[in-house]
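Encoded as C-alpha cells, the structure appears first; notes follow it.
Any read-out appearing in this document is the output of simple, stated calculations on the displayed coordinates, not a laboratory observation. Predicted model only: the values in this text are computed from it and were never measured. All Cβ positions, even for glycine, are placed from backbone atoms using ideal geometry, and neighbour counts span all protein chains on display.
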Amino acid sequence: MTTAPEHVVLVDEHDAEVGTAEKLSVHRSGALHRAFSVFVFDESGRLLLQRRATTKYHSAGLWSNTCCGHPRPGEGTSDAAHRRLREEFGFTCPLRRIGSFTYQAALTNGLVEHELDHVFTGQFDGAPTPHPDEVAEWRWIDVKDLEQEFASFPHTFTVWFEPAWTCLRSAEPIFE
C-alpha cells in the first residue's frame, strides 16, 4: 500500500496561508511554508535533544531540538506540534508558543528550507519512547553543555537549530 505524499501549508511573510503543496516539492523549490520547532525541558532545565534518523530525506543524522515538523492543511500549528511530539517521542506535554522566525537555508541534495517557524516549549519528566524511523539517538543535555557543543561542532546540528534556539533564548526568562 502506497502512502499519499504529505502536504504543507504555503504562507506569506506574515504567516497568512496562500496555498498548499507537496512537502518534497516545496523543499525542492524553496517556497515559504509554515513549520514549528519544539523544545522540551525536564524539571532540572535540561533539553531533550534528538539526532534525526539516518533515513530522513534531509538533515539525516544531525542533532536538533526535541522535535519539529509542519502543520498539515487544516491543522493548527499547536495541534501539529503535539502530534509530532507524540509521533517522534511517544509522549505529549503542555506546550507554549514563544515566538516565530523566518529563515532560508540550502540543504544537501539540492533541497532548500524556507520556513516561517513557530517555536514551542514545554516540560516533561517521564521516559520518552522514541520512534526509530524518526529518532536515531536522544539525550537530555544541560543548556551550558549544549551551547559549548554547538559552538564547537555546529556542523553536527540542523540548519534550523541555531535560529530556533536564538528565538527561544530571546523569549524565555529561564536563560537569564
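Give me the net charge for the shell around Glu22: Cβ to Cβ below 13 angstrom, other residues only, Lys and Arg +1, Asp and Glu -1.
Here the charged neighbours net out to +2.
Taking the Cα centre of each part, how many Å lie between segment 35-69 and segment 130-168?
7
Quick check: net charge around Leu48, other residues with Cβ under 11 Å of its Cβ, Lys/Arg +1 and Asp/Glu -1?
My count for the surroundings of Leu48 gives -1.
When Lys and Arg each count +1 and Asp and Glu each count -1, what net charge do the other residues less than 12 Å away from Pro71, Cβ to Cβ, add up to?
Counting the neighbours of Pro71, the net charge comes to -2.
In segment 1-127, what percentage of the DSSP-assigned beta bridges are antiparallel, given to the nearest 5? Could the numbers behind the result be given before it?
Values: 23 of 32 bridges.
If I count the DSSP bridges inside segment 1-127, around 70 percent turn out antiparallel.
In degrees between 0 and 90, to the nearest 10, how far off the longest principal axis of the chain does helix 143-152 point, with axes built from Cα atoms?
Tilt of helix 143-152: around 60 degrees.
List the residues whose amide H sits under 5 Å from the amide H of Gly45, counting only those 5 or more places along or on another chain, with H placed 1.01 Å from N in the peptide plane.
HN-HN under 5 Å from Gly45: empty list.
As I understand it, the value is the acute angle between the Cα axis of helix 161-171 and the longest principal axis of the Cα atoms of the chain; what does it come to in degrees, rounded to 10?
60
Would you mind putting 106-113, 43-50, 78-85, 31-38 in packing order, based on average other-beta-carbon counts within 10 Å, highest first?
Descending mean neighbour count gives 31-38, 78-85, 43-50, 106-113.
Of Glu134, Glu88, Glu22, how do they rank once you tally other Cβ atoms within 10 Å and put the fewest first? Intermediate values should be presented prior to the final figure.
Numbers: Glu134 18, Glu88 23, Glu22 13.
Ranking Glu134, Glu88, Glu22 by Cβ neighbours within 10 Å, fewest first, gives Glu22, Glu134, Glu88.
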